[in-house]
Amino acid sequence: MNIIILAGMPATGKSTLAAKLQERFGYPILEKDFIKEGLFDTLGFSCYAEKRALDVAANEVLLRWMGAMIRAGQSMIIDNNFDQQSAAKLSEMLETNSCKCVTVFMNGDPQVLYERYFKRDSMGLRHLGHAMQTHYPPLEGEDTTFHMTREGFDQRFLHLGMDKLSWGGERILVDATMLESIDADAIVEEISSKLA
């Protein structure tokens, strides 16, 4: 049983690479944002603390989903920027189960990643619940312009240590500062070699 984890900072191309890996390996993709968006749509949130609670819940659901897949002997691709708490649970899960794990850890220049993240959410390229910080769904006629500052980005991702997390298994580091420089085919081949 193989587990391929795409982790690291946001706006580094994890979802794009996950799709490429699924083409090559045929494994199902488990993605925290897929869970979180369902929580946004069914529960919503009325303050930032509630939004953070949904993120914690989505991580917990993802880990339980992973556990069920492991018990079924199913290989998988995980797309998630883990926080310290969920990374500790992931590490324990990998230590207590027999599986091969390769993590592709994607990072890059924080200013470039912030600008890419800001542009992505400003252009509405993701579920609106990600861009809104204080409540969701929006009120009728409300301005839903995205307003995260670089300081907010650092607080949310860098200060939480999201760029430095680790757990068991093999590790491939990818600099995603320049997305066009990422050689996805080479990454696929390196993963194949490590899983062999």
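Within region 44-55, can one find any residue that is among the aromatic types (Phe, Trp, Tyr) and out of contact with any strand residue (DSSP E or B) (no Cβ under 9 Å at 6 or more places or on another chain)? Yes - at least one qualifying residue is present in region 44-55. Scanning region 32-57 for residues that are more than 18 Å from Pro137 (Cα to Cα) and either of a type outside the set (D, E, K, R) or free of Cβ contacts under 8 Å to residues at least 12 places away in the same chain (or both) yields Val56, Ala57. Only one of the listed residues (Gly129, Gly108, Gly124) is within 19 Å of Lys51 (Cβ to Cβ) and in contact with a strand residue (DSSP E or B) (Cβ under 7 Å, 6 or more places away or on another chain). That residue is Gly129.
Residues that are open to solvent by 60 Å² or more (accessible area, probe 1.4 Å) and under 24 Å from Lys164 (Cβ atoms) within region 49-87 comprise Arg52, Val56, Gln84, Gln85, listed in sequence order.
Look at Ile182 and say whether it is under 19 Å from Ala11 (Cβ atoms) and touching a Gly at 6+ places or on another chain (Cβ under 7 Å). It is true that Ile182 is under 19 Å from Ala11 (Cβ atoms) and touching a Gly at 6+ places or on another chain (Cβ under 7 Å).
For region 168-183: of the residues being in contact with a strand residue (DSSP E or B) (Cβ under 8 Å, 6 or more places away or on another chain) and assigned to a loop (DSSP other than H, G, I, E, B), which is surrounded by the fewest Cβ atoms within 10 Å (Cβ to Cβ)? Only one residue tops the list, namely Gly168. When you look at Phe105, is it open to solvent by less than 70 Å² (accessible area, probe 1.4 Å) and either at pLDDT below 90 or over 16 Å from the mean Cα position of the chain (by Cα) (or both), yes or no? No: the conditions fail for Phe105.
Of the residues making up region 129-143, those that are under 30 Å from Glu180 (Cα atoms) and out of contact with any Phe, Trp or Tyr (no Cβ under 7 Å at 6 or more places or on another chain) are His130, Met132. In region 1-48, the residue that is farthest from Leu90 (Cα to Cα) out of those that are of a type in the set (Val, Ile, Thr) and buried (at least 19 other Cβ atoms within 10 Å of the Cβ) is Thr12.
Scanning region 144-162 for residues being open to solvent by 60 Å² or more (accessible area, probe 1.4 Å) and either of a type in the set (S, T, N, Q) or in a helix (DSSP H, G or I) (or both) gives a total of 5.
Mind checking which residues of region 127-140 are part of a loop (DSSP other than H, G, I, E, B) and either modelled with pLDDT under 90 or surrounded by 13 or more Cβ atoms within 10 Å (Cβ to Cβ) (or both)? Within region 127-140, His127, Met132, Gln133, His135, Pro137, Pro138 qualify. Checked against (1) open to solvent by 90 Å² or more (accessible area, probe 1.4 Å); (2) in a loop (DSSP other than H, G, I, E, B), Glu189 meets all criteria but (2).
No other residue among Lys100, Lys119 is open to solvent by 30 Å² or more (accessible area, probe 1.4 Å) and in contact (Cβ under 8 Å) with a residue 12 or more places away in the chain apart from Lys100.
Just to be sure before I move on: is Leu165 open to solvent by less than 40 Å² (accessible area, probe 1.4 Å), of a type in the set (A, V, I, L, M) and either part of a helix (DSSP H, G or I) or more than 20 Å from Lys32 (Cβ to Cβ) (or both) in the structure I sent? The answer is no for Leu165.
The values are calculated or read from the model by the stated rules, or taken from the named source; none is laboratory data. Computed from a predicted structure; not experimentally measured. Neighbour counts are summed over all protein chains in view; Cβ atoms, including those assigned to glycine, are modelled from backbone coordinates with ideal geometry. For the accessible areas, the whole protein counts, side chains as well, though only heavy atoms, and no ligand, DNA or RNA atoms are used. Shrake-Rupley method; radii C 1.70, N 1.55, O 1.52, S 1.80 Å.
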